[in-house]
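I have placed the structure first, in the form of structure tokens, so that the comments after it can refer back to it.
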């Protein structure tokens with residue numbers, strides 16, 4: 001197995017982890033529609049792994065009345081900026097190795 005294949009597997013794993021985190025983030029956001037669901041063990045677990053990321057955006061983006069738009073920005077940043085950034089780093093590394 002060559003170096004490029006190992007790098008490809010590593011970056012594929014990183015991108016899958018980002019996808020899984022994005023799904024967990026969306027589930028946690030949807031759980032806010034049923035407040036009692038956040039009190040379950042699963043809701044508490046999701047809160048522990050998603051609140052640090054969401055909290056970063058809540059510091060800078062105030063809610064608009066009763067609507068918190070920071071999760072929308074957080075999803076956008078994770079899905080588009082971070083994922084694409086990881087892919088571009090992968091592309092640059094593989095291109096430099098060829």
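Please treat every number below as a calculation from the coordinates, not as lab data. Please read these numbers as outputs of a predicted model, since none were measured by experiment. Here Cβ is always computed from backbone atoms with ideal geometry, including for glycine, and neighbour counts include all displayed protein chains.
For the chain, how big is the tail of P(r) above 17 Å, as a whole percent of Cα pairs? In whole percent, the long-distance tail amounts to 59.
Any idea how far apart residue 39 and residue 89 come out in nm if each label point goes 7 Å out from Cα toward Cβ? Result for the modelled spin labels: 4.1 nm.
By the helix-only formula, in which each DSSP H run with n ≥ 4 contributes -39500 (n - 2.57) and the sum is divided by residues, the chain has a 222 nm mean residue ellipticity of -24500 deg cm²/dmol. Taken along the Cα-to-beta-carbon direction at a fixed 7 Å, the label points for residue 59 and residue 75 span 2.4 nm. Relative to one another, the C-alpha centroids of segment 13-52 and segment 54-88 are positioned 14 Å apart.
May I ask for the angle, rounded to the nearest 10°, between helix 83-97 and the longest principal axis of the chain, with both axes built from Cα atoms and the value confined to 0 to 90°? Tilt of helix 83-97: around 10 degrees.
Backbone N atoms of segment 73-87 closer than 17 Å to the 7 Å Cα→Cβ label point of residue 17 belong to residues 78-79, 82-87.
Taking the longest Cα principal axis of the chain as reference, the axis of helix 3-31 is set at about 10 degrees.
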